[in-house]
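Trainee: Just passing along the structure, written as structure tokens.
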Amino acid sequence: MSAAPAWLHIVGIGEDGLTGLTPAARAVVEAAEIIVGGDRHHTLSDAVTAERVAWPSPFDALIDRLRAYRGRRVVVLATGDPLWFSVGARIGRAVPPAEIAYHPQLSAFQLAAARMGWSMADLETLTVHGRPVHQMIAFIQPDARLLILTTGAETPAQIARFLTERGFGQSRMTVLANMGGPEEARFDDTARDWDRVVPAFNTLAVDCVAAPDAALLPRVPGLSDDLFVSDGTMTKREVRTATLAKLMPMRGALLWDIGTGSGSVAIEWMRAARSARAIGIEPRADRRAMAAENALALGAPRLDLREGEVPGALEGLPAPDAVFIGGGLSDAVFDAARAALRPLGRLVANAVTLESEALLIDLHARHGGDLVKLSVVRAEPVGPYRGWRPSMPVTQYALVKR
């Protein structure tokens, strides 16, 4: 018995409207009973006489609205490719795939790359449309090429400021507006000189150029301690690097950072993998404020900071892919974190006191895993000379849940 045909069609549409659709996609739109989209989408398809429905407010109500239409011929209009930073992916997570048919159009990224003469394989595609614009900071690298879906006319100026503040003011910026339509326009300048007034519907291309004194902020863990606002109680650079190597950041994975302090581990986790998420649990308000400031400055604005004492603060949190215990270590905290971990989840706990070290030694004896002691010695001034000054050794316990 063959499956029923899809009732929900998600159609990508460009600035050229219905004329730019394939014959099959145009037929779907023309046969629709209901068309859902933004004001711009409805304008691009105004020759069709279906019932028009605007994006609901709040937008989260969209899924319930669509489900209420099941059994009718429904079209959702989206810009470009509905599955590339667009509404199609969101709908596809809530509606069974067999009930949806996708009809992609050229994406803004493809059009922008063609306008710039850039290879799609050699650049980063980002979106800050409806998202915190600070998240693009993590991708500011020497010689990087970025294509960014913006939120509106003000976004390029915000990104120009981020670039300039980090020593990338010579970066070349191009705003491509209304691509593929009769009002297509292009605006070029350097980040430090950016003062252009641009249309709201635009895509930004950035060719990053670093000055000799530019901040180097690689996405590989190991940022300088000086980049973090801290009261001194933070996981230092070398230990943080070893910690993140065992936490293994992965795309879309969730970290619990227990005793997050200045947020250094959680922030580097989020920078290290696309769409990585982190919840930082920290009882002190001053440290949560520092972590929030660091998260904005370093491109991890979605760091979710929670007040509370562990293990109680862990109840009800979504299951993590990794847990870092940088503070509040106890048997109860370890047991709660390990129980919550998803299969193949990683747990890392660091200790500097003898009492915490004794607990880690006992946990290693009972549960296996890896137990190491990390010692860092730095060259520092000793009068007119230099000498080696050791930091407090850190005992690190790590395991993978199998």
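Trainee: Check off (1) under 18 Å from residue 228 (Cα atoms); (2) part of a loop (DSSP other than H, G, I, E, B); (3) among the small types (Gly, Ala, Ser) for residue 291 and give me the number that stays unchecked.
Mentor: Single failed check for residue 291: (2).
Trainee: Now a separate question. Just for the range 368-392: of the residues that are surrounded by 14 or more Cβ atoms within 10 Å (Cβ to Cβ) and outside any strand (DSSP E or B), which one is modelled with the lowest pLDDT?
Mentor: 391
Trainee: Residue by residue through the range 219-253, note down the ones that are of a type in the set (Val, Ile, Thr) and either touching a helix residue (DSSP H, G or I) at 6+ places or on another chain (Cβ under 8 Å) or in a loop (DSSP other than H, G, I, E, B) (or both).
Mentor: 220, 229, 233, 235, 243
Trainee: Please find, among 379, 398, the residue that is among the hydrophobic types (A, V, I, L, M, F, W, C) and closer than 16 Å to residue 326 by Cβ.
Mentor: 398
Trainee: Given the conditions (1) within 22 Å of residue 127 (Cβ to Cβ); (2) loosely packed, with under 11 Cβ neighbours inside 10 Å, which single one is not true for residue 23?
Mentor: Among (1) within 22 Å of residue 127 (Cβ to Cβ); (2) loosely packed, with under 11 Cβ neighbours inside 10 Å, the lone unmet condition for residue 23 is (1).
Trainee: Can residue 35 be described as within 26 Å of residue 183 (Cα to Cα), in contact with a Gly (Cβ under 8 Å, 6 or more places away or on another chain) and crowded, with 21+ Cβ neighbours inside 10 Å?
Mentor: So residue 35 fails the test.
Trainee: Hey, could you check the range 275-302 for residues that are of a type in the set (D, E, K, R) and closer than 14 Å to residue 138 by Cβ and say which is least open to solvent (accessible area, probe 1.4 Å)?
Mentor: Among those that are of a type in the set (D, E, K, R) and closer than 14 Å to residue 138 by Cβ, it is 277.
Trainee: Which one is farthest from residue 112 (Cα to Cα), of the residues in the range 173-185 that are in contact with a strand residue (DSSP E or B) (Cβ under 9 Å, 6 or more places away or on another chain) and surrounded by 15 or more Cβ atoms within 10 Å (Cβ to Cβ)?
Mentor: Per the criteria, the residue is 173.
Trainee: May I ask you to list the residues in the range 320-340 that are among the acidic types (Asp, Glu) and open to solvent by 50 Å² or more (accessible area, probe 1.4 Å)?
Mentor: Those that are among the acidic types (Asp, Glu) and open to solvent by 50 Å² or more (accessible area, probe 1.4 Å): 331, 335.
Trainee: Filter the range 44-70 for residues that are in a strand (DSSP E or B) and not hydrophobic (A, V, I, L, M, F, W, C); which is surrounded by the fewest Cβ atoms within 10 Å (Cβ to Cβ)?
Mentor: Result: 51.
Trainee: Can you tell me which residue is nearest to residue 130 (Cα to Cα) among those in the range 81-103 that are open to solvent by less than 30 Å² (accessible area, probe 1.4 Å) and among the hydrophobic types (A, V, I, L, M, F, W, C)?
Mentor: The extreme case among them is 87.
Trainee: So, in the range 129-172, how many residues would count as being open to solvent by 60 Å² or more (accessible area, probe 1.4 Å), modelled with pLDDT of 95 or more and touching a Leu at 6+ places or on another chain (Cβ under 7 Å)?
Mentor: Residues in the range 129-172 being open to solvent by 60 Å² or more (accessible area, probe 1.4 Å), modelled with pLDDT of 95 or more and touching a Leu at 6+ places or on another chain (Cβ under 7 Å): 1 in total.
Trainee: Could I ask something else about it? Within the group 89, 98, 68, 94, which residue is among the hydrophobic types (A, V, I, L, M, F, W, C), more than 19 Å from residue 201 (Cα to Cα) and under 19 Å from the mean Cα position of the chain (by Cα)? Give the derivation first.
Mentor: On the way: 98 fails: under 19 Å from the mean Cα position of the chain (by Cα); 68 fails: under 19 Å from the mean Cα position of the chain (by Cα); 94 fails: under 19 Å from the mean Cα position of the chain (by Cα).
Just a single option satisfies the conditions, and that option is 89.
Trainee: Any chance you could count how many residues in the range 241-272 are open to solvent by less than 10 Å² (accessible area, probe 1.4 Å), of a type in the set (A, V, I, L, M) and either out of contact with any Asp or Glu (no Cβ under 6 Å at 6 or more places or on another chain) or modelled with pLDDT under 95 (or both)?
Mentor: The number of residues fulfilling the criteria is 4.
Trainee: Could I ask something else about it? Looking at 377, 372 in this structure, which one is of a type in the set (Val, Ile, Thr) and farther than 23 Å from residue 331 by Cβ?
Mentor: Only one candidate passes the filter, namely 377.
Trainee: Also, quick follow-up: State all residues of the range 18-43 that are in a helix (DSSP H, G or I) and either touching an Asp or Glu at 6+ places or on another chain (Cβ under 7 Å) or touching a residue at least 40 places away in the same chain (Cβ under 8 Å) (or both); if no residue qualifies, say none.
Mentor: 20, 24, 25, 28, 29, 40
Trainee: While we're on this one: Run residue 207 past the list (1) closer than 30 Å to residue 181 by Cβ; (2) open to solvent by 70 Å² or more (accessible area, probe 1.4 Å); (3) not polar (S, T, N, Q) and report the number of the one that doesn't hold.
Mentor: With respect to (1) closer than 30 Å to residue 181 by Cβ; (2) open to solvent by 70 Å² or more (accessible area, probe 1.4 Å); (3) not polar (S, T, N, Q), residue 207 is out only on (2).
Trainee: Continuing with this model, one more query. Mind telling me which of the residues 354, 305, 344, 317 ends up being touching a residue at least 40 places away in the same chain (Cβ under 8 Å), farther than 19 Å from residue 238 by Cα and open to solvent by 80 Å² or more (accessible area, probe 1.4 Å)? Lay out the reasoning, then the answer.
Mentor: Numbers: 354 fails: touching a residue at least 40 places away in the same chain (Cβ under 8 Å); 305 fails: open to solvent by 80 Å² or more (accessible area, probe 1.4 Å); 317 fails: open to solvent by 80 Å² or more (accessible area, probe 1.4 Å).
Result of the check over 354, 305, 344, 317: 344.
The values are calculated or read from the model by the stated rules, or taken from the named source; none is laboratory data. Note that the structure is predicted; figures quoted are calculated from it, not measured. Note that we place each Cβ from the backbone using ideal geometry, even for glycine, and neighbour counts take in every protein chain shown. We work out accessible area using only protein heavy atoms, side chains counted, and drop any ligands, DNA or RNA first. Shrake-Rupley method; radii C 1.70, N 1.55, O 1.52, S 1.80 Å.
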